[in-house]
Amino acid sequence: MNHKQEIGVGVFFLTIALLYFLGSFSISSFDPFGNSALSSRSIPQMIGIITAFLSIVHILQHAFALRNAAQAEKGRNKEGGFSVGKTQWIMLITILLIAAYIFFFTRLGFLLSTFLFLMAEILLLLPPDKKKRWLPFTFCFSAALPLLLYILFTKALSIFLPQGLFGF
């Protein structure tokens with residue numbers, strides 16, 4: 001495992017989380033429950049905060065592991081995981097997938113665009129030898145998570161998500 005690459009991945013996702021959090025302030029505030037802490041901004045802001053927290057934890061874990069490995073091995077460098085070029089391609093494809101998700105969110109609707117994004121991102125991040133084995137789980141997870149979120153937002157929070165081209 002290359003800890004420097006993992007720190008870079010953590011910094012990348014921390015940046016995305018901070019941009020996401022800052023972008024959530026542009027959402028018009030709608031409070032379906034009156035004067036409460038839950039509004040149309042609160043869930044995106046919580047997701048941004050949680051993602052930033054997890055990114056910081058990831059960075060710290062690999063920073064400590066890098067320090068410990070350097071002390072234990074005294075400069076001996078082990079290669080493993082993704083190569084630098086492959087990691088950069090994965091990050092670029094992830095950015096493109098996020099951009100496509102944003103573009104298709106209102107056109108295809110929440111359910112379909114989220115399903116397609118999750119499928120693509122999970123298959124991108126899975127090692128090639130495990131993709132076939134994990135395909136049924138990936139499909140079920142990518143279908144169930146948007147459905148559960150849709151039910152949570154529409155039924156519990158009374159926040160309507162884009163229905164898109166097909167009306168679902």
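Values for this structure:
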item: Added length on full extension, which subtracts the Cα-Cα distance from 0.36 nm per residue, L135 to L161; result: 6.6 nm
item: Projected label distance in nm at L126 and L22, using a 7 Å step from Cα toward the beta-carbon; result: 3.5
item: Sites L152 and R41, calculated FRET efficiency, Cβ-Cβ separation with R0 25 Å, nearest 0.05; result: 0.95
item: P(r) of the range 87-137 over all Cα-Cα pairs, binned every 5 Å from zero, in whole percent; result: 5, 20, 27, 20, 18, 10, 1
item: Extended-chain gain in nm, criterion 0.36 nm per residue less alpha-carbon gap, Q61 and T15; result: 14.8 nm
item: Efficiency of FRET between A143 and I50 - r from beta-carbon atoms, R0 25 angstrom, step 0.05; result: 0.65
item: Shape category assigned to the range 123-168 from the gyration tensor of Cα positions, a/c cut at 1.5; result: prolate
item: Per-residue HN-Hα couplings for the range 107-114 [Karplus 6.51, -1.76, 1.60; θ = phi - 60°; Hz; x = Gly/Pro]; result: 7, 9, x, 4, 4, 5, 5, 5
item: Added length on full extension, which subtracts the Cα-Cα distance from 0.36 nm per residue, A70 to I90; result: 4.5 nm
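No lab work stands behind these numbers, since they all come straight from the coordinates. The model shown is predicted, which means the values in this text are computed figures rather than measured ones. Cβ atoms come from the backbone with ideal geometry, glycine included; neighbour counts cover every protein chain shown.
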